[in-house]
Structures are given as C-alpha cells and as structure tokens.
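Trainee: Questions regarding the structure given below will be posed in turn.
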Amino acid sequence: MGSLFPSCSPVFRSIVETVVPDASSLGERGWGEVERIVDGSLSRRPAQVQRQLRLFLVFVQWAPVLRRGHRFISLGAGDRARWLRRLERHPLGIVRVGFWGVRTLALLGYYGREDSVREIGYAADRRGWEAQPRVRAATP
Amino acid sequence: MTRLECDVAIVGSGAGGGTVAQELSSLCRDKGLRILVLEKGPKLREDEFTGREHEMAQALYEDGGGYLTAERTMTLAFGRAYGGSTVVYTGTSLLPEERVIRGWNVPGIAVEDLCRRAAKFSEQNNVHLLPDDEINDNNRLFVEGCRALGYRAEQFPVNVKNCRGSSLCNLGCPNAAKQGTHRVQLPAAELNGVQVVTRCEVHEIGNHRLAVEVSAKAPGDKGEESAWKPGEYEVAAKLVVVAAGAVNSPALLLRSGLGRRLPRLGHGFTAHPAFILVAEHEQSITNFVGHPKSFYVDQFAASDHYFLETCMYFPFITAKSLKGFGEPHRSFMKAFPRLQMILVLACDQANEHNRVTVDGSGRPVVHYRFTNEVARGLVRGGIASARIFFAAGAKRVHMPFAEPAEIRAKEAARLDELEKEVAFRPEGLGISAAHLQGGCAMGSTSENSVTNEWGQVHGLDWLYVADASLFPNALEINPYLTIMALADRTAENIREKLA
C-alpha cells in the first residue's frame, strides 16, 4: 500500500494536535518528520492493518458530520477533543481499538522526533553516568 | 535456487539458537561438521547502536516493536536480529522456581538440572548484582517504597560487563556491555566454525530440508549484508533445530504442515502481559541514567498472579502507556525527568484460547484474550505499585485503569476501593508483553505436547525446538536463563545422537 500522506494529512494532523497539543507549533519540517516516522512504521505492517487504519481515519473525519454538521478537521479544538473522547470510550470494542491505534501513531510520530524528546527533558546518553550528575533524590 | 547441505541447521540466534550453536560448535572444530545458524534479522555494527528510540525499534524488533495480537489489545515485543531478543532485553537473569517447574509436569525436567545448566551460562554472561553506587533513583525509590510497606524487594542479577549506565538496554546496548548471545555464545560458536547467516528467513521445513530466502539490505537499513547472496535457497540438513521464538517457531512448524500430526502445535501461548505505571516526584531523579531494571517483587506471584519490576522506558513507549490525550497526558510527559516507573506483569496460564496460528500467507497470528485472573493480577499489581510510589514520596500517580487516571498523594485512599470500580478494558491500558512462551510445549506424547523433554519433536528424530516455545506454562520470571538451560539440554541430546 502507498503512503498515508498527503491524502490523510489533514485529518491525521488534526488528530495529532488534539492528542499532543504541543504539535500545533510544528512547522512543515516538523510535520514532515512526523509523517515520515508514521509512514516508516506502517510500511512494515500487513496491508490489512494499513487498510483498517485508512478506513478509521475516514470514519474519524466524516462521522462528526452526522452529529455536528462538520468534518473533524473543521471542528474547534474542544469539539475535536470531545469527539475523540467518545471514540476512546465507545461501547463498541472495534471503535476503541481503532482509536487506540490512531492515538498510538500520533504519539509515535510526535515523540519519535529528536526535538520532541529534548523538549520534555529526556536526555539519555550512551555515556551513562559520565554524562549525568549523580544527585540522589531525597526520600521522606 | 541454490542448494546447500549442512549437518545441523539452527533457525534463530537468540537465547535458544545462540546457546545450541555454541554447545554444538566443538563438532565443527573437532569433527569438521557444518553447522549453520539461519537468522531472519540483521547483524548491527557497534556504531549502529545509537540509542534513538524509533530508529532502534525499527532496526531490532519484529514489526518495529509494535507486533499486535489478533484482538489488537496487546503489543508483543520480540527481537529480530543477530542475537534475537537477547539484544533488546534488559539482561535480568533469574533461575526458575521449583514450584513452577514442578507444575510443568514434564517427565525428565527437574529444576535442579535446569539451575545447574543455567549457572554455566550465568558465569559465561558475567551475571552479577550491580553495586550500590550504580543503582539510580528510579530503582532506589522502589526499594525504599517497598521497605516502607513491608514488601520484599529483591535485586536482579544482570548480565552486563563494564555497564556505563546508559539505560538504553532495550534499544540495544550502545556500549557492548550487555552480554547477550550476540556478544558471547554466537561469537564463540563462529570461532569454532559455525556460520551465522543473517537476513535469512526460513519459510518452510520439509523432510530434512529448509526452504530459505535471503534478503538484500534495503537502502537506509542498519546492519551488515548477509553472508549469502540474496535469493532462494534449499538447505538440506541432517538435523534441524528451530529456535525462532514463541511466535515464529510454532508458526514455522504450522506452515510446514506439522499441525496435522501435532494437535497441540501453537497451543498454550503465554506472555506475562504487562503495563507501565508512572509516578511524578517533586524533584528530578536519576531515571534515564543507570541500569533501568535492578529490582523486583515476586511475593505476590502465587497468591495474586502478578509480579513487579522496576523499569525505565523511552518517550514514545511512556506516552503510549499513559491513558488519554491532550493536557492531562502532556502534563505527565513534561515531567519526564521527575518520573518513576514500575512494570506490572501478570502471571498468565496456558488456556485453550490463547495460541499461535498462521494466516493464509503463513504469517503468524497470535490469539490472546485476557482472563479474569490476568485482569485481576494487573489491577492488583497496579494498585500495589501506586502504594509503592506514594510510600517513596511521589506526589501523583498515573493509573491507566482509574477514572480519572491521575491520583494525587492526598487521594491515596482511592486505592482502597479501586479494584471494585475498575472495568478492565485492555485496549486502553497500553498492555505489552516481552516474555513470549509456549506453542511447542514439551510433554510425554504427541497428543498432549509437541516435543519430548529434550526438545525433539514427537515422531521426527531429526527435528528439535530450543526456545521459550517449549514451556508448557508460563515461567513467572524472565525466561532468558531457563531458555538457555533447555537449549543446553537439546544440544546435549544432539551431541549424543551425532556421536
């Protein structure tokens, strides 16, 4: 199967921004990294998994039209979050699994970036103790 | 199609395959036998272990670390590389328990024998306890929390040499400190003349024949090229040892048509399903430096079906383990330098549903449903972990099965009622598993098992299995040394056969 992007970019980026609010400050270079990471991960998955993902993204994009009269990408931030929360807690297991899959890809794309991990203060170094101060945390 | 011959073909180079390769290698040196190890994954150069999460997960794990069960409710993490999963696991090295091995009820398998054999590999792999000054805060706080609660925290012996404390064990040690089969058993085997062929997938096993395909290294991929040219091969072997892991070993034998004569093939899959608990402290702690997995609590394994291990995972794995999204999720991720982590593992049991099958293309499919006992184990382990965090001074805990997920220290009383409130929905918990077991269980007959106590497949005296798929039931500890002990038995039986 071909890349998810750019055809699914609008809905996927909207999902990523809802899942990880900091993603709203990504420029095109950052989004390019996110999409490359996601594409790279998906390319190793069976075709059926890729098809199911595309279908779920279509569902995320168009199902809000029935309740709110707008596609997902046209909803405000609050409504997007509420819609995703509905999917997260949906009574149908298949919908919850679909949400979990899309959420996982959003997190993979964002936290797979070197800049993102630096921003949260993650600084593992192959030099280990030589690179980090040995300050023992106080305990009660 | 290239045709080759050998005396012994070993499929897989992890804890099982690497051990068999080493233990048989003297036959190459002394008797001129040809022994091949056929490994699906690549062999990475030392400088290719960068410690970057996404990059190394793609390079070293099957499906980039995201292999899903058929139900899509659990991720299975297993290695696909020269050294198999021993390249990516944390090096914890425990001996099997007498209670569990007795429960396997396999004639000829005794815990004393397994421990004796495991001790040999412990010595080879420099298994030892890390000194106190190499224990980081993430581990130390676990011990102190346990002590305050009266829980028995024990230290993991680990297989490291000159560990620098990079904390990157699960992405392949960048300092050559972790002593997996890629550092110890495989090099020893190759010195004696065993040939390890990487990027080499075995599609099917026939009567003393293996249908094999070698792939080229794709542009941008890590690892060396295979020793063999890309293409299809037919390998004729006097003896075959399948050590491709608890997912790929039963799948290979099923693809090869052995399901008809072995009704239990693929059955009895167990995994120690696990999830990560995270807590935030007031101050930064040493967590992404130092060995990540130094302590455990197993006193609840028999009574409550869970055990706890310290752990420290990387940003994406951590993010995936936190429930929800948006600001509450972000607030935990932004606290990364202040996070303490515990891994809760459930002691699952073999049952009729959980098994490995293959789809129409021959790809493995793992079917796994969570029993009530497993769900209870995970929930109780999570609650125990939260108590440990608070006893260690954490200000808040993320509890993925609670609503809301955040529990502050002053709300710790919520833990008392939590077990009753929980509606267990595995797809929201980020459950994963790395201790994959069963599928080619040992036993006495072809009706109740796949192999005998030596790993020889029932009715086929030239075909063996030598990995965790041999386990008739979950081991309740990390399986690494037990796999090596069983593989040692298999090698001994083969040496006697070839003598």
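Trainee: A:Ala106 fails exactly one of the following numbered conditions: (1) within 11 Å of another protein chain (Cβ to nearest Cβ); (2) open to solvent by 50 Å² or more (accessible area, probe 1.4 Å); (3) over 30 Å from B:Gly393 (Cα atoms). What is the number of that condition?
Mentor: For A:Ala106, the exception is condition (2).
Trainee: Hey, another quick one. Working only within region B:92-102, note down all residues that are open to solvent by 60 Å² or more (accessible area, probe 1.4 Å) and touching a residue at least 40 places away in the same chain (Cβ under 8 Å).
Mentor: B:Leu95, B:Glu97, B:Arg99
Trainee: Search region B:158-168 for residues being out of contact with any Phe, Trp or Tyr (no Cβ under 7 Å at 6 or more places or on another chain) and in contact (Cβ under 8 Å) with a residue 60 or more places away in the chain, and hand back the single one that is nearest to the other protein chains (Cβ to nearest Cβ). Give the derivation first.
Mentor: At the first step, the residues of region B:158-168 found to be out of contact with any Phe, Trp or Tyr (no Cβ under 7 Å at 6 or more places or on another chain) are B:158-163, B:166, B:168.
Then drop every residue that is not in contact (Cβ under 8 Å) with a residue 60 or more places away in the chain, which leaves B:158-160, B:163, B:166, B:168.
On the way: B:Val158: 14, B:Asn159: 17, B:Val160: 11, B:Cys163: 7, B:Ser166: 4, B:Leu168: 6 Å.
By that ranking, first place goes to B:Ser166.
Trainee: Looking at region B:442-459 only, could you name the residues that are of a type outside the set (Val, Ile, Thr) and open to solvent by 20 Å² or more (accessible area, probe 1.4 Å)?
Mentor: Residues satisfying the conditions are B:Ser444, B:Ser446, B:Glu447, B:Asn448, B:Asn452, B:Glu453, B:Trp454, B:Gln456, B:His458, B:Gly459.
So that you can scan it fast, the table gives a plain yes or no per residue for (1) open to solvent by less than 50 Å² (accessible area, probe 1.4 Å); (2) at pLDDT below 95:
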{"site": "B:Arg52", "(1), (2)": "no, no"}
{"site": "B:Asp63", "(1), (2)": "yes, yes"}
{"site": "B:Tyr82", "(1), (2)": "yes, no"}
{"site": "B:Asp113", "(1), (2)": "yes, no"}
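Trainee: With more than 7 Å from chain B (Cβ to nearest Cβ) and open to solvent by 40 Å² or more (accessible area, probe 1.4 Å) as the only criterion, which of A:Leu92, A:Leu57, A:Leu26, A:Leu87 stands out? Working first, answer last.
Mentor: Details: A:Leu57 fails: open to solvent by 40 Å² or more (accessible area, probe 1.4 Å); A:Leu26 fails: open to solvent by 40 Å² or more (accessible area, probe 1.4 Å); A:Leu87 fails: open to solvent by 40 Å² or more (accessible area, probe 1.4 Å).
Answer to the check: A:Leu92.
Trainee: Could you give every pair whose Cβ atoms fall below 6 Å, whose first residue belongs to region B:111-139 and is within 30 Å of B:Gln283 (Cα to Cα) and within 14 Å of chain A (Cβ to nearest Cβ), and whose second residue is in a strand (DSSP E or B) and hydroxyl-bearing (Ser, Thr, Tyr), counting only separations of at least 6 or pairs across chains?
Mentor: B:Asn139/B:Thr310
Trainee: Which members of region B:418-437 meet the condition of being open to solvent by less than 60 Å² (accessible area, probe 1.4 Å), of a type outside the set (A, V, I, L, M, F, W, C) and more than 19 Å from B:Val20 (Cα to Cα)?
Mentor: Residues satisfying the conditions are B:Pro426, B:Glu427, B:Gly428, B:Gly430, B:Ser432, B:His435.
Trainee: Kindly check whether there is at least one residue in region B:77-94 that is among the basic types (Lys, Arg) and under 27 Å from B:Asn354 (Cβ atoms).
Mentor: Yes, that holds for at least one residue.
Trainee: Those residues that are in contact with a strand residue (DSSP E or B) (Cβ under 6 Å, 6 or more places away or on another chain) and within 14 Å of chain A (Cβ to nearest Cβ), I need them from region B:396-430; list them, please. Quick ask: steps written out before the conclusion?
Mentor: Initially, region B:396-430 is screened for residues in contact with a strand residue (DSSP E or B) (Cβ under 6 Å, 6 or more places away or on another chain), giving B:396-399, B:405-408, B:414, B:429-430.
Within region B:396-430, B:Ala405, B:Leu429, B:Gly430 qualify.
The values are calculated or read from the model by the stated rules, or taken from the named source; none is laboratory data. Because the structure is predicted, anything quoted here is derived from the model rather than measured. All Cβ positions, even for glycine, are placed from backbone atoms using ideal geometry, and neighbour counts span all protein chains on display. The area values use the complete protein model at the heavy-atom level, side chains included, leaving out ligands, DNA and RNA. Shrake-Rupley method; radii C 1.70, N 1.55, O 1.52, S 1.80 Å.
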